[in-house]
Structures are given as structure tokens and as C-alpha cells.
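Read the structure below first, then the notes.
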Amino acid sequence: MSFFKLKSYLIASGLAVVLILLQYGCSEQQASGGGFKMPPTPVEVTDVKAQDMADKFDAVGTIEAIEGVTIVSEIDASVVSLPFEEGAFIKKGDLIAQLDDSQLSAEVNRTEALYDQSKSSYKRVKTIVEQNAGTQQDLDDALANLKVAQANYELAKARLNKTRIVAPFDGTVGTRKVSIGTFLRTGQEITELANLNEIRISFSAPERYLAQLKRNAEVIVSSTVFPGHEVKGKILAIEPILDSQTRNVNIVARVKNPEQKFHPGMSANVSAILSERLHALTVPNEAVFANGNQSFVYVVKKDSTVAATPVILGLQTPDVVEVVKGLKDGMEVVRTGHQKLFDGAKVMPILSNTVTAKQ
């Protein structure tokens, strides 16, 4: 064997030994479970939860008193007394103002005397007619005079009653607009009275909500004046005619006001419940991602791998979204971190805080 052949043989033998050793080393690594693997991706996870959800319409409305009147005088007379305390609560029938009744009292006495005289005259004429000593016309005239006298008497008493101005319902009375001794003209304002235990909220809604808004539907009323304070009520009436310019419908809701924080004339935030979903399956909004027109969530399986699961969505609030189809209660889904995931990826779950639908 020549020198060159020997050299080539030795080189080939060396390469064969190296290849055998490399193959052996790789097989050892595979046998021992070696090789490079991607580490699990840390992701924030949460459970699919069943909770009640509501589809709402938000608007700004105006507060009105359920019962509110301006107390005025119905006759021309001087003010004798104003026995109410300004800003106080008064009951139905309590005296608000007493007007001078001297002339009207005298008028009642006069008309009462004429009424009594007419009754006596009627009785005498009736007796005479029954004895055939008078005509039927005499009896008719006496009866007519009696009715006129009675009407005048009742009218005088009605006018006298108007000198006592009383509260028509329970409520809070306002400030005095007149003082004792003021000569009032018919229609002149004395004070205001409002029942604040219940209030009305007037607001408008676009025509697209008309089919969903119903009488007795629940509303929630709040105001920036009293942060955190909310009261609930129901829709009282929906106007049958829409505004042709704005295409809005006017709505009135009736709401309890037990703490009397809301006052007529204030603005208020109104949330009207359009529909409700009881025990709806929900996930946080950020858990959902889209691929084309299809929405997906990553479901975490028992082996800590994820599966992109198509879902059909329903109602949505600022925090959570309803899943109509695709998930089951108690499933674990990826809340944040899904941008780096793919189907079958290994994850390291980190529990997130519970998110609930804001009612």
C-alpha cells in the first residue's frame, strides 16, 4: 500500500469514528430526554364565570317632583298669618296661609239668613198650595227662590274657605314669597310645595331603542353631585309621539328618593335596563381576540397547553363580555399574554383578579 493510499485510509477511518461518536452522543441525549425546548410562556389566566348581565342604555335626564305645586291665592285678600316654617316638612291639610276673612264671613252670615228665610217661605207656600189656597206657580216660584238662596249660601262658604290655604299633600315647603299684611291678588305666589319622597326623571332615547324600552323596565339613577349614591325605579311612561327633528322619544321614570338627596331641577345620569341575561357565561374583554370575522379565546388545558377556541359573543359591558357559545362554566382561559401564544403552546398560568359585570 502506497503512502497516499494509507493516508486516505486513515483519514476515512477517523471520520467514521467521529460520525459514530456524534451519533452515539445524540442518541444518549435523546434517551435521557435532552435537547432544547421552549420554556413555558407566563400568562394571566381567569375562569369562565356565570353571572347576571344587563344590556343598558345610558342618558342624562332632568329630575322633577312627583308632586310639586306653587301655592297661590285664589282670591284678593290681605295676609293675616303664615304659620309654616320655611324648608320644613308639612302634612296634607296643614295651614300655609290665613287670609283676611272678615268680609267673606259676613257674606256667609247674610246668605245663610236669606237661605233660612227662603226655606220658611217655601214651606208656607207649600202648605197653602196643599190646601188649594194657592197656585202651582206660587210653589214653583218659592222653590226657585229657595234654590237660588241655597246656591248663594254655598258660594259664600266656598269663597270663605279660600281664605284658609292648606297643603294639598305631604311635602317640603319652600320659602315665603310674601309677608304678613301683604294684599294678595288672585294668582299671586305665596310659596312652593314639593313631595321629595318620590321623583320623576325625564330623559330621551334614540328611536333605535324604542322596541327594547318597556313600561315598568328598571332604571338606575345617579348624580355626580353625590358620588356612589344610586336609586332604582321603573319607567312610568313612554311618549307615543317621537320628536320629528331629533328622532328621540321622551321617557319618564318614577324613582324612590328615601334620603331626599335629589331635588327637582337637578340633572341625573339614567341607566335604563334594555334586557337581562341570568347566569350568562362571561370572560374579561381582553381575553377575546379576533382572527378575521371570528372571535377566539385561548383555553388552558390540564397539561398547561392552550387551544384557540372559537366563541360566539353576546352582551358586552366595559369589563366583561358574554360568551353565548364555545365555552363552559369553570373553564380556564388566558386573560392577557395571548399575543405570544399559538395553538398547543405550553404556558405557566398566573391567576388574575376576578372581574364581574358592572350592573
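Using the Cβ-Cβ distance between Lys91 and Phe289 with R0 = 56 Å, the FRET efficiency computed as 1/(1 + (r/R0)^6) comes to roughly 0.35.
Solvent-accessible surface of the range 239-359, averaged per residue with a 1.4 angstrom probe and all protein chains in place: 59 square angstrom.
On the basis of the beta-carbon distance and an R0 of 56 Å, Ser121 and Glu189 show a calculated FRET efficiency of 0.80. Close amide H contacts of Ser295 (hydrogens built in the peptide plane, cut-off under 5 Å, sequence separation of 5 or more or a different chain): Val311. The portion of the accessible surface of the chain made up by carbon and sulfur, rounded to a whole percent, is 53 (1.4 Å probe; DNA, RNA and ligands excluded). Got a sec? Which residues in the range 217-239 would a label at Ser275 touch, if it sits 7 Å along Cα→Cβ and we count backbone N under 13 Å? Under 13 Å, as judged by backbone N against the label point of Ser275, lies no residue of the range 217-239. Between the Cα long axis of helix 3-31 and the first principal axis of the chain there is an angle of about 30°, rounded to the nearest 10. Taking other residues whose beta carbon is less than 11 angstrom from the beta carbon of Ala65, and scoring Lys, Arg as +1 and Asp, Glu as -1, yields -3.
Please determine, in degrees from 0 to 90 and to the nearest 10, the orientation of helix 136-161 with respect to the longest principal axis defined by the Cα atoms of the chain, where the helix direction is its Cα long axis. Approximately 50 degrees, to the nearest ten.
Entry for the range 133-247 at q = 0.13 Å⁻¹: log10 I(q)/I(0) = -0.86, Debye formula applied to identical alpha-carbon scatterers, no solvent contribution. Computed on the chain, the Cα convex hull volume stands at 270 Å³ per residue. Restricting attention to the chain, close to 95% of DSSP beta bridges with both partner residues there are antiparallel. For Leu196, the residues whose modelled amide H falls within less than 5 Å of its own, excluding neighbours fewer than 5 places apart on the same chain, are Thr172.
Axis of helix 102-130 versus longest Cα principal axis of the chain: the two differ by about 60°, to the nearest ten degrees. A full extension of the chain between Arg110 and His229 corresponds to an added length of 36.9 nm, given 0.36 nm per residue minus the alpha carbon distance.
Kindly give the semi-axes, whole Å and largest first, of the ellipsoid equivalent to the range 245-304, taking each as the square root of 5 times a Cα gyration tensor eigenvalue. Let's see the in-between values first.
Working: eigenvalues 357, 73, 26 Å².
The three semi-axes for the range 245-304 are 42, 19, 11 Å.
Distance between the 7 Å Cα→Cβ label points at Asn132 and Asn161: 4.7 nm.
The values are calculated or read from the model by the stated rules, or taken from the named source; none is laboratory data. On a predicted model such as this, the values are computed, not experimentally measured, just so you know. No Cβ is skipped: glycine too gets one built from the backbone with ideal geometry, and neighbour counts run over all protein chains shown. Heavy atoms of the whole protein, side chains included, go into the accessibility calculation; ligands, DNA and RNA do not. Shrake-Rupley method; radii C 1.70, N 1.55, O 1.52, S 1.80 Å.
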